[in-house]
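Any read-out appearing in this document is the output of simple, stated calculations on the displayed coordinates, not a laboratory observation. All values reported here derive from a predicted model rather than from experimental measurement. Please note: Cβ atoms are built from the backbone with ideal geometry, for glycine as well, and neighbour counts cover all protein chains shown.
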Amino acid sequence: MTGPVDAHPVTGLDDVVHQRVRLGILTIAHEARRVEFGFLRTQLELTAGNLSQHLGVLETAGLVDVEKGYAGKRGRTWITLTAAGNAALAAEIARLKQLIARVETTTEAP
């Protein structure tokens, strides 16, 4: 992030990462280390097409790797976080924690 040191934490949120579905993908992939497309689709309650679009955004940004292969005779797609993906997720979580801290320490509004 560039800008004033005292900028509001919301200014550092990454639109690619912060979107609800993409944040879910990154979080699940972080937890699982390697996650299958069908598992993500079920967990996030998405259509295959919708999930594919979000994965495309994350892959283009260099945050995930998408690997196609076979498990037996069935085609499978696996998703893993890249180093950049791990860093982007960590930065997003840090910003969200800053936002939460500001809310929790704020007294009642006038």
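Could you list, in sequence order, all residues of region 100-110 that are surrounded by 11 or more Cβ atoms within 10 Å (Cβ to Cβ) and either of a type in the set (S, T, Y) or within 22 Å of V21 (Cβ to Cβ) (or both)?
Once the filter is applied, which keeps residues that are surrounded by 11 or more Cβ atoms within 10 Å (Cβ to Cβ) and either of a type in the set (S, T, Y) or within 22 Å of V21 (Cβ to Cβ) (or both), region 100-110 yields only I100.
What is the residue count in region 58-99 for residues that are assigned to a helix (DSSP H, G or I), loosely packed, with under 14 Cβ neighbours inside 10 Å and either under 12 Å from the mean Cα position of the chain (by Cα) or of a type in the set (K, R) (or both)?
4
So which residues in region 26-57 are touching a strand residue (DSSP E or B) at 6+ places or on another chain (Cβ under 7 Å) and in a helix (DSSP H, G or I), if there are any at all?
L26, I28, A29, H30, F37, L40, L55, listed by residue number.
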